[in-house]
1. Would you check if there is a residue in the range B:78-85 being on the phi < 0 side of the Ramachandran plot, free of Cβ contacts under 8 Å to residues at least 40 places away in the same chain and surrounded by fewer than 19 Cβ atoms within 10 Å (Cβ to Cβ)?
2. Looking at B:Thr262, B:Thr244, which is the one that is crowded, with 19+ Cβ neighbours inside 10 Å, within 23 Å of the chain's Cα centre (by Cα) and not small (Gly, Ala, Ser)?
3. Take B:Ala48 and tell me if it is buried (at least 20 other Cβ atoms within 10 Å of the Cβ), out of contact with any Gly (no Cβ under 9 Å at 6 or more places or on another chain) and of a type in the set (A, V, I, L, M, F, W, C).
4. For the range B:143-155, indicate whether the set of residues that are surrounded by fewer than 20 Cβ atoms within 10 Å (Cβ to Cβ), among the basic types (Lys, Arg) and modelled with pLDDT under 90 is non-empty.
5. Identify the single condition in (1) out of contact with any Leu (no Cβ under 6 Å at 6 or more places or on another chain); (2) closer than 30 Å to B:Ala820 by Cβ; (3) more than 13 Å from chain B (Cβ to nearest Cβ); (4) outside any strand (DSSP E or B) that A:Pro149 does not satisfy, given that it satisfies every other one.
6. Working only within the range B:612-649, note down all residues that are without any contact (Cβ under 8 Å) to a residue 12 or more places away in the chain and either on the phi < 0 side of the Ramachandran plot or in contact with a Pro (Cβ under 8 Å, 6 or more places away or on another chain) (or both).
7. Just to check your reading of the model, which residue among B:Asp323, B:Asp330 is modelled with pLDDT of 80 or more, in the same structural domain as B:Ala258 (by TED's automatic domain parsing) and among the acidic types (Asp, Glu)?
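The values are calculated or read from the model by the stated rules, or taken from the named source; none is laboratory data. Owing to the predicted nature of the structure, the values given are computational and were not obtained by experimental measurement. Note that we place each Cβ from the backbone using ideal geometry, even for glycine, and neighbour counts take in every protein chain shown.
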Amino acid sequence: MTIHAPDPATKAATLIVGSTTFVADAAGALWHEDDRILIVSDLHLEKGSAFARRGSLLPPFDSRETLARLAGLVARYAPRALVSLGDTLHDRDAMGRIAQEDAAALDATLSGVERIWITGNHDPEIPPGLGGAVAAEIAIGAVVFRHEPSASPDGLEVAGHLHPAAKVRMRGRAVRKRCFVSDGRRCVMPAFGAYAGGLNVLDAAFRPLFAGSFTARLLGAERVYAVDRRMLVAD
Amino acid sequence: MTLPEPFAAWFAARGWTPRAHQLALVDKARDGRSVLLVAPTGAGKTLAGFLPTLVDLAAKAPAELDLTGLHTLYISPLKALAVDVARNLESPVAEMHLPVRIETRTGDTPAHKRTRQVARPPHVLMTTPEQLALLLAHKDAAKLFSGLKRVVLDELHALVTSKRGDLLALDLARLHRLAPGLAAVGLSATVREPDDLRRYLVPQTTPDGEATGAMADLVTVEGGARPRIGILEAARRLPLAGHTAMQSIPEIYAAVAAHRMTLVFVNTRMQAEFLFQELWRINEGGLAIALHHGSLDAGRRRKVEAAMVAGSLKAVVCTSTLDLGIDWGDVDLVVNVGAPKGASRLMQRIGRSNHRLDEPSRAMLVPANRFEIMECRAALDAVEEAAQDTPEPRKGALDVLAQHVLGMACADGFRPEDLYAEVTSATPYADLPRGHFDAVVDFVATGGYALKTYERFAKIRAGADGKLRPANPKVAQQYRMNVGTIVEATMLKVRLGRAPKPGRPAMGGRVLGEVEEYFAETMTPGDTFVFAGEVLRFEAISGNEVIATRTAPGTDPKIPSYAGGKFPLSTFLAARVRAMLADPDEWKRLPEEVSDWLGAQRRKSLLPGPSDLLVETFPRGGRHYLVAYPFEGRLAHQTLGMLLTRRLERARLRPLGFVCNDYGLAVWGLADLSAAAAQGRLSVPELFSEDMLGDDLEEWLAESALMKRTFRSCAVIAGLIERRFPGREKTGKQVTISTDLVYDVLRRHQPDHILLEAARQDAATGLLDLKRLAGMLARVRGRIVHEPLERVSPLAVSVLLEIGREAVYGEAAERIMEEAEAALMEEAAA
């Protein structure tokens, strides 16, 4: 008889909120297998052109990059529905600036996929052109999905907004990556957008949300790495 | 020839005779000639540069002089030097009652004075390359500079080796256009190829774009008294590695005590800190020994400089901050601790002592380890032969060009074809392809992206006259905020505090100074380091501050990772050290412990020929090592180490890490490399083949932190992202866009973008030193000597001793996260 050690990769990728099991994908998305729902957060489409308008002519490929990653996920998981947890668009007229081919790519990627747009502080209104349903929050079973983590959740929650990132330091070298942060009752998702920055999970903003211990799941190139809070360092 | 009055009388009254080169420069000026003056320190270069200006202005009638606008520009690499030279010029001008107006213009000049300087300019304006760029971007630049007769470029040899030299070259090209009769005068220390500088001074093409091959005239002052330089033979044996020169501290102290004033040069800030502390530890005589380096608070530095001038100091421990220009008091001894890294750099430093041409400069070289004594010996030979190793002329940087293009748009606009002709008249840009120029202009205008979505956000636009001008006033403002080519590394304040307890942040105390962010990142809590003259314990990084605590007296600092020296060993000295190594006759000139060491190396392994690359493989302590000795400097070795580990990993030879110094590098891992080579699974010559600069390099560049840092610097200089100014940093990283993200996205979607091209050009000579690595790989082709050994060789010991001292620069982010994850699991299993 062969004894199988638990595969660290699988273990790292499993993320449980209450009694709901998700897969934390290294691309920065959650996958809910039972309902075939793909969840992403903080796409910040057209952040590059928002900076350009103010005089910093950053490469205008951020939407393209973000959408290509999304297309990769949709191709891999073939979801029934996509939930975007807010700040899908960087600002009100992002869809007015987006390159035609990028807008078309978004539509093509999501054809046949049910779209649920959660509103965020950057996109309190979702242009009708994106199709699908718009909501401030939704529930899947006992888990509520909303943009900003609530101050005192009475239940289970998956949120975005904070762009969590975590840093580990080993052998004189520091690695800082976007991450999922969760304590079993709450999960804050990493930002998905190509130009979205990250806020260190040891920052004060996370303190009221995770009083006890938590695990950061760092997005590596090969897989997700589950790292305990005690192994993390501040910026 | 003689000087006209009142100059002849002024010299005579002081019992002076004008020097031949001073007269020569007056003569050249009469004919309106551009000229390069090459002279050692103490030759009266600065006066020679200004004498023609004063002679010309003194000949004018008062009414005419009053109408004369800006006559001479003086450009110095240092703000302080410009101020100092202006002050030195005041006395002859006052003593001869010359009604000449001399002013300085630096970042500290108040706004009302700046405005007045443009409206009613002085006859002579002393400034820096950055301030000149700002003036040239002024709307009235054409008027201001149209009557300019002379531009004097001080310390030209130092300026041309950096991006500031590129900026200055572009500005000089513009000055030549605005003032067609302009004579450019370069003042330089001795250099290897004066002709490079002679070309730099004058336009290389006519306005129609025809090559002229023109050179400024050359005036050379032969060296005065030969410097007296000795290599310190410490009473104690030289160690195999290390850079602290610990064994020589008593001798350095004795030398300081025996001289009026000593400058003690070291290569890095951290070495300066260490040495300063060690000298004070034995400072029983209470000698006034001060510290001067770039991380110290500016106020503190000014105090030290003033004390030097006042003659109240016995010694200053300093870094390259005091390499250039200003005469800080009566220095009679220069001590250079550590390896000199380059012969010309050493000459420059030695010249800091005895600023009189007819008296010898005195200097003492203090090697810190056995390799360094060979390097000192080689540098000394070079100095005795007056051989120079100043670097090759630069290829003009594209990010600097982008900055200049925006500046020229702000100054009443430009037509691309005219500006291209102007830019290519400057030597660094003489070979600039038109395609690159157009790409830069396109970048400045709309970002230069394949996806044309930014037309409506264009920064510069063509008017009806075909000239490109700023699209709105904010653009000119952005340009003014961003001018300059020096991108400081992000600095973190070092604050005294208590160790943080879980759940409670460290409490902050006094701020001691600043360290580079990347340095702080290499430390883990508990590490000790020397800073601002004391040994501190690293506790944490909190926001933009390093929290540190004081250590118990007698705590040994862990010497930090970049103690090896900021400047890599010059190619020229490296070749000499290799030759010395290969020739046992030469060893007689070295201390006994060094020749014994080399002798042991010859018996136990081998000594490579001067053009060979020795590669040793051996087991040690359960690991397998590969050590190579290319002698190409730390930066090139670091890049080589990255690429070798990638290749070994791909060959499944399981490398774990590497270290390097200026002379060699060591890679270690789990697989037996000697056996792999014997069985044909590893070909050492193939491992070092030049094709590593192909796909391996490309893959590494995609994730290299050094490359990202290079890109960031280009992005700032080119104006893609705004500079971070102290006090203006935004809080929270989520609101700024990291250039690392921009690099990733741009690399994937437009790999041929001009800014990536700029970063690649930088990588060739900068932090990655790719050009040097490529040269080495080509040099050793067919000359690689592989020596499988039973155990570590004498030479290898000195490289292996870097382990634990140098940061292990693995870039395998995945492995690091894996370890962090595993640490948790072990704990859970325990």
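1. No - not one qualifying residue is present in the range B:78-85.
2. B:Thr244
3. Taking the combined requirement at face value, the residue satisfies it.
4. No, that holds for no residue.
5. All conditions are met except number (1).
6. Of everything in the range B:612-649, just one residue is without any contact (Cβ under 8 Å) to a residue 12 or more places away in the chain and either on the phi < 0 side of the Ramachandran plot or in contact with a Pro (Cβ under 8 Å, 6 or more places away or on another chain) (or both), namely B:Glu649.
7. Details: B:Asp323 fails: modelled with pLDDT of 80 or more.
Only one candidate qualifies: B:Asp330.
Residues are listed down the side, and each one gets a yes or a no for (1) surrounded by fewer than 21 Cβ atoms within 10 Å (Cβ to Cβ); (2) in contact with a Phe, Trp or Tyr (Cβ under 9 Å, 6 or more places away or on another chain):
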residue: B:Ala214; (1), (2): yes, no
residue: B:Ile231; (1), (2): yes, no
residue: B:Arg237; (1), (2): yes, no
residue: B:Leu240; (1), (2): yes, yes
residue: B:Glu251; (1), (2): yes, no
residue: B:Ala254; (1), (2): yes, no
residue: B:Asn267; (1), (2): no, yes
residue: B:Leu287; (1), (2): yes, yes
residue: B:Ala298; (1), (2): yes, no
